[in-house]
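These notes are about the structure you will find just below.
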Amino acid sequence: MFDRGLASEPFAPGAGMTRYFFDFTAQGQSLYDYEGDEFLNPKGACQYAEVIALDLKHRLSGEWDGWSVEVRDAKGRKFLSLPVAMAELMVA
């Protein structure tokens, strides 16, 4: 369902990979991802965030309404802020 950007690229661990962080945010609250995950490009990281948001929407009975999944790189640049409630519309 998501592409880490590896399909057409030869794999060499760490080569050209960027670490992205997937934080959960709501009004006045944040749960930070301190480990992150590596992708070749922001597109792969944003697709992964869509899957995370969709999973939260369906598994946790509305507990995550009002929350968003934010994708940032190590420099703090934000690539996406996806409300969990909108996940189905974005992924479909």
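Derivation of every value follows stated rules applied to the coordinates shown; laboratory data play no part. Please read all numbers here as calculations on a predicted model, not as lab measurements. All Cβ positions, even for glycine, are placed from backbone atoms using ideal geometry, and neighbour counts span all protein chains on display.
What order, most packed first, do the peptides 66-74, 45-53 have when packing is the mean number of other Cβ atoms within 10 Å of each residue?
45-53, 66-74
A full extension of the chain between GLU63 and VAL51 corresponds to an added length of 2.6 nm, given 0.36 nm per residue minus the alpha carbon distance. Global dimensions of segment 18-91 from alpha-carbon coordinates: Rg and Dmax equal 11.5, 34 Å. Near HIS58: Cβ cut-off under 15 Å, other residues only, Lys/Arg at +1 and Asp/Glu at -1. The net charge is -3. Other residues whose C-beta falls under 11 angstrom from the C-beta of ASP23 contribute a net charge of 0, scoring Lys and Arg +1 and Asp and Glu -1.
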